[in-house]
Amino acid sequence: MPKVTVYVDIDLEELIPIFLNGRQEDIVALKNALAAKDFKELERLGHSLKGVGGGYGFDFITEIGDKIEKSALISDGSHIQSLIDIMETSLDNLEIIYED
Amino acid sequence: METILIVDDSKDNRNLLKIILKKHGYVLFEAANGEEALEIALQQNIDLILLDIVMPVKDGYETCEALKSQDVTADIPIIFLSAKGDAADKIKGLKLGAADYITKPFNKAEVVARVKTHLKIHGLSRSLAKANLELLDKQARIEEDLFAAAQIQYSLIPRSNPEITHCTFASRFIPSDLSGGDIYNVHNLDEQHTAIYIIDVSGHGVPAAMVTVAVAQSLQPHGQTILKEPLPDPPYYKLTSPVEVLNTLDKQYPIERFDKYFTMVYLLLNHQTGKVAYANAAHPMPCIIRSSGELELLEAGGPIISMGNMVPFEPGECTLYPGDRLYLYTDGIVEFENTNNEFFDEDRLYNKLIESRNLSLDESCEAVIKCLKTFAGSIDNAQDDITLFALEYK
């Protein structure tokens, strides 16, 4: 799996561990919601990811969040599953470059 | 330093905004939900609120409504931050009273720019509100002073018609809003003589009222009065002639003293013989309506008081016979301009006085005022005092 490179504002460096922790929690929550077929919760989680990702420089999280939200609206569980997988893998292969 | 409240249920978003804004020196508070936000906004002096929309329990819209419904928090500018991005959502937020709307994921520079802009607008509108309040306060004080000045002026005007042998009096006095400086009065000087005067001080408001008081004081008949000169031998006094009265006032009130001038007629009536001596300082000519209905003007004239006697005051004389009426008035009547840019003028006044010859003295004054009201439409916003003072010799 190639590295997923993100460019992050140097001012945010101290927040990154908390941020990444939060995303791991989100992955657990997504999996749980999907298992329970709770599409309302999946929609909410997707929406939340959409809002938070790009601000930290993690544009791919915003994209995934947007897709999860839209898929949840049409109850497309299998697409959501693949999106969760992509997110998980990407976070496992992350390369952060801090810039001014 | 300005204080910002950040409201978002996501800790990551709150952290992000805190890092961005701390750099610019703002004091920051945070809340994870609408309830907390309301509590903080009520307790702290918040200058701006960044408000997420999608939050559990109480969403951003409800929180915004709650903030706008309380006096303490209603004026705090609110910027919505939300991943919702449709025009409809933005419009909803703006309709609820939000100042701006920023979609997530937000751009750091955009957040800072909008925060700065709305803090500036808020600061400016607060300064404006404060300046307005100060202005209203000053205005109220000016109006109080004007009212007080007017009250002082009115106190100088006789409340009831004076009782002088051989004379009936009537008057109409309608002060303007701005306290126009008109006064008139009648004083018994001795068993035979009565002083009558009417004065119009230039300008309005407090300065005119102050000069009016001072002049009225000079013209009161007792103690140190200019109306009588003391003599060493009986009867120990001499009545000052009308010309001398005006000369004295002219010396006492040069224009340099108060930057005010006034017009005036002073009449000395021997109410046993009906003889009248008078002098006029640029005031509208008094008019006599004889018992026959004939009009006669008292034409002796002179300059305004304050000019240092550059032109002498002419001594005037006339005799009143039983049934004759003498009318004194100020230019507030004849110079009354209606909405057609016409002036009431002397002719209308004289005609009305002649017409009203067979009415009582008081009714004749009322007839003039009625005629003025008809001419003017309304005299409620008269620019000058309306003063009419009448005497009928019996």
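The values are calculated or read from the model by the stated rules, or taken from the named source; none is laboratory data. Note that the structure is predicted; figures quoted are calculated from it, not measured. We place every Cβ from the backbone using ideal geometry, glycine too, and count neighbours over all the protein chains shown. We work out accessible area using only protein heavy atoms, side chains counted, and drop any ligands, DNA or RNA first. Shrake-Rupley method; radii C 1.70, N 1.55, O 1.52, S 1.80 Å.
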*Among the numbered criteria (1) more than 9 Å from every other protein chain (Cβ to nearest Cβ); (2) surrounded by fewer than 15 Cβ atoms within 10 Å (Cβ to Cβ); (3) at negative phi; (4) in contact with a helix residue (DSSP H, G or I) (Cβ under 8 Å, 6 or more places away or on another chain), which single criterion is violated by residue A:37?*
(3)
_Residue pairs, Cβ under 7 Å, 6 or more apart or interchain, first in segment B:104-132 and in contact (Cβ under 8 Å) with a residue 40 or more places away in the chain, second among the acidic types (Asp, Glu). List them._
B:108/A:9; B:118/B:100; B:119/B:2; B:119/B:47; B:122/B:47
*So residue B:314 fits all but one of (1) part of a loop (DSSP other than H, G, I, E, B); (2) at pLDDT 90 or above; (3) among the acidic types (Asp, Glu); (4) surrounded by fewer than 12 Cβ atoms within 10 Å (Cβ to Cβ); what number is the exception?*
(4)
_Out of the residues in segment B:189-228 meeting the condition of being over 24 Å from residue B:303 (Cα atoms) and among the charged types (D, E, K, R), tell me which one is surrounded by the fewest Cβ atoms within 10 Å (Cβ to Cβ)._
B:191
*Quick one: residue B:14 ticks every box in (1) within 14 Å of chain A (Cβ to nearest Cβ); (2) open to solvent by less than 10 Å² (accessible area, probe 1.4 Å) bar one, so which box is it?*
(2)
*Which one of these does residue A:20 not meet: (1) under 19 Å from residue B:107 (Cβ atoms); (2) surrounded by fewer than 22 Cβ atoms within 10 Å (Cβ to Cβ); (3) within 11 Å of chain B (Cβ to nearest Cβ); (4) in contact (Cβ under 8 Å) with a residue 12 or more places away in the chain?*
(1)
*Check off (1) in contact with a Ser or Thr (Cβ under 9 Å, 6 or more places away or on another chain); (2) in contact (Cβ under 8 Å) with a residue 24 or more places away in the chain; (3) not β-branched (Val, Ile, Thr) for residue B:282 and give me the number that stays unchecked.*
(2)
*Filtering segment B:20-32 down to residues that are surrounded by 18 or more Cβ atoms within 10 Å (Cβ to Cβ) and not in a strand (DSSP E or B), which residue is farthest from the other protein chains (Cβ to nearest Cβ)?*
B:26
*Among the listed residues B:244, B:256, which satisfies the condition of being closer than 19 Å to residue B:280 by Cβ and open to solvent by 50 Å² or more (accessible area, probe 1.4 Å)?*
B:244
*Does residue B:337 qualify as being acidic (Asp, Glu), farther than 23 Å from residue B:385 by Cα and open to solvent by 70 Å² or more (accessible area, probe 1.4 Å)?*
no
_Which count do you get for residues in segment B:33-57 that are aliphatic (A, V, I, L, M), open to solvent by less than 10 Å² (accessible area, probe 1.4 Å) and within 14 Å of another protein chain (Cβ to nearest Cβ)?_
3
*Looking at this structure, is residue B:305 in contact with a helix residue (DSSP H, G or I) (Cβ under 6 Å, 6 or more places away or on another chain), buried (at least 18 other Cβ atoms within 10 Å of the Cβ) and under 25 Å from residue B:172 (Cα atoms)?*
yes
*Please determine, by comparing only the residues of segment B:264-281 that are open to solvent by 20 Å² or more (accessible area, probe 1.4 Å) and either within 17 Å of residue B:202 (Cα to Cα) or out of contact with any strand residue (DSSP E or B) (no Cβ under 7 Å at 6 or more places or on another chain) (or both), which one is modelled with the lowest pLDDT.*
B:272
*Residue under evaluation residue B:251, criteria (1) open to solvent by 30 Å² or more (accessible area, probe 1.4 Å); (2) in contact with a strand residue (DSSP E or B) (Cβ under 7 Å, 6 or more places away or on another chain); (3) of a type in the set (Lys, Arg), criterion not met*: (2)
